[in-house]
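Written out below as structure tokens is the structure these notes cover.
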Amino acid sequence: MSTYPMSEEEREIQERARRFVDEELIPHEVEAEMNAGRIADELRERHHRLAIELGLYAMNMPKDLGGQGMTTFQQVLVSEQIGRVTNALGWCVHTPPAWAPAVVTPEQLERWIVPTIRGEQHECYAITEPGAGSDVDAIEATARRDGDGYVLNGRKWHVTSYNTATYLFFQAKIAESPHAGEHAMFFVDKGTPGVRLVAEPRYTHTYPDSHAIVEFEDVRVPAANLVGAEGDGMAFTYEWFRYERLMIAARCCGAAERLIDEATAFAKERVQFGQPIIEFQAIAHMLADSVTELWAARLMTYELARNIDRGVDVKIQHAQCSMAKLYASEMANRVADRAVQIFGGRGYMRENVAERFWREVRVDRIWEGTSEIQRSIVADQLAKRGARAIVG
Ligand SMILES: Cc1cc2nc3c(=O)[nH]c(=O)nc-3n(C[C@H](O)[C@H](O)[C@H](O)COP(=O)(O)OP(=O)(O)OC[C@H]3O[C@@H](n4cnc5c(N)ncnc54)[C@H](O)[C@@H]3O)c2cc1C
């Protein structure tokens, strides 16, 4: 049980999520790994149903819309547990876009957001392009006003969960209007004419969700599909980045805890040269370093969540989300690498949890802003505000 101070309610949420992960998800990891990330349909449906029944689904969405209305800290506790399972089996605990209710129209809320909270619809994000990754402002996708609608064009990469989504958030630059060149975001139903799947390349991890390349060719949508106003597009993306960076940090802490537990158990049991390998200082020190770094990452992540709940200035949040994501993701990569080493040859086998995490946590240093971009954000805030403001 965690020694970090938390209320009875928070501890109960943490335990509820932990039991779900241990009893329902972890037992199916190897099956998923051996089947291109897929498990039986009945099991997938069971996980989806249980995530809803256990009050974990849409934990970030307001209660009056059917979500769980959890605090940021409570969400971190759940995400940390979700991070303990491989093969994205934890993605059954879905978090819809929390920024949306404040900015979408009542019609958009009814048509897309509320069904997403109920688990009947599923979104995906089409932002990154062949020429625009870290530099989001370099996107070339366009949205041209035409009568009572817009015509969208562009090619998007790495569109996560395109295969399971029912609609996309498409980010483009406005063409030919007083807002020309500004970012805008649109709801686009997947079946809209002109939306075409180009490819679903294979990635390092073995997940059931694809990361698609999607072409938008003269896709006509009503003006009612615009999210907020022309020029608002980047604001939503930044808000989503902050949220996801914190949740990545939490998931990385969960992954590290699982890896440390499994590697420690193995090191106590595995005998070479007549003694358990944990008695070799080289092995013991890898475990000691791992658990020390996990503690540091967890304290950062928990404290940041508390800060957000306390309403700390958004610029400070921005820097702290980058620091937590940077440190926790790099920590999880070091821990996974050491765990593979401790398991020896077994650690290189796909049925081994360390092997799977070693591949899976790699992307946490890339998506939602690479480690290099996080360092730039932190350095920028440091130069503007000073160390005391961002860690004080
Ligand atoms: C599995 C996966 C899922 C994804 N899902 C989605 C999704 O659902 N929707 C979506 O829109 N996008 C998604 N992405 C895209 C992701 O956000 C980008 O890959 C990421 O932002 C990096 O962009 P890039 O890959 O184009 O790399 P680049 O920006 O080309 O970077 C290449 C290298 O240059 C470095 N670099 C770039 N700029 C700087 C700088 N200023 N200073 C120092 N170093 C720099 C980077 O850190 C990196 O090491 C996903 C990516 C992956 C791998």
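The values are calculated or read from the model by the stated rules, or taken from the named source; none is laboratory data. Here the structure is a predicted model, which means the values were calculated and not measured. FYI the Cβ positions are ideal-geometry reconstructions off the backbone, even for glycines, and counts take in every protein chain you see. Only protein heavy atoms, including side chains, enter the accessible area calculation; ligands, DNA and RNA are left aside. Shrake-Rupley method; radii C 1.70, N 1.55, O 1.52, S 1.80 Å.
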Count of the stretch 177-189 residues which are in contact (Cβ under 8 Å) with a residue 24 or more places away in the chain and more than 16 Å from the ligand (Cβ to nearest atom): 3
Subset of the stretch 187-235 (residues that are open to solvent by 70 Å² or more (accessible area, probe 1.4 Å) and assigned to a loop (DSSP other than H, G, I, E, B)): Gly191, Pro193, Glu200, Arg202, Tyr203, Thr204
Residue in the stretch 241-260 that is more than 30 Å from Glu110 (Cβ to Cβ) and acidic (Asp, Glu) present: yes
Some residue of the stretch 368-379 being under 26 Å from Ile283 (Cα atoms) and either in a helix (DSSP H, G or I) or more than 15 Å from the ligand (Cβ to nearest atom) (or both): no
Odd one out for Ala255, checked against (1) of a type in the set (Gly, Ala, Ser); (2) open to solvent by 40 Å² or more (accessible area, probe 1.4 Å); (3) in a helix (DSSP H, G or I): (2)
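Would you list the helices (runs of 4 or more DSSP H) that sit entirely within the stretch 11-92 and hold 3 or more residues that are open to solvent by 40 Å² or more (accessible area, probe 1.4 Å) and either in contact with a Pro (Cβ under 8 Å, 6 or more places away or on another chain) or within 30 Å of Gln108 (Cβ to Cβ) (or both)?
On the way: elements: 29-34, 41-53, 72-82.
Once the helices (runs of 4 or more DSSP H) in the stretch 11-92 are filtered for at least 3 residues that are open to solvent by 40 Å² or more (accessible area, probe 1.4 Å) and either in contact with a Pro (Cβ under 8 Å, 6 or more places away or on another chain) or within 30 Å of Gln108 (Cβ to Cβ) (or both), what remains is 41-53.
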Hey, Val271 farther than 27 Å from Gly369 by Cβ, of a type outside the set (Gly, Ala, Ser), buried (at least 20 other Cβ atoms within 10 Å of the Cβ) and modelled with pLDDT of 95 or more or not: no
Index of the failed condition, Ala265 passing every other in (1) open to solvent by 40 Å² or more (accessible area, probe 1.4 Å); (2) under 22 Å from the mean Cα position of the chain (by Cα): (2)
Arg306 open to solvent by 20 Å² or more (accessible area, probe 1.4 Å), under 22 Å from Thr3 (Cα atoms) and away from the ligand (no atom under 16 Å from the Cβ): yes
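Among the listed residues Met323, Met300, Met331, Met286, identify the single one that is in contact (Cβ under 8 Å) with a residue 24 or more places away in the chain, part of a helix (DSSP H, G or I) and over 29 Å from Ile377 (Cα atoms). Break it down stepwise before answering.
On the way: Met323 fails: over 29 Å from Ile377 (Cα atoms); Met300 fails: over 29 Å from Ile377 (Cα atoms); Met331 fails: over 29 Å from Ile377 (Cα atoms).
When all the criteria are applied, what remains is Met286.
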Search result, residues across the stretch 344-367 that are crowded, with 21+ Cβ neighbours inside 10 Å and in contact (Cβ under 8 Å) with a residue 40 or more places away in the chain: Val353, Ala354, Arg356, Phe357, Glu360, Val361, Asp364
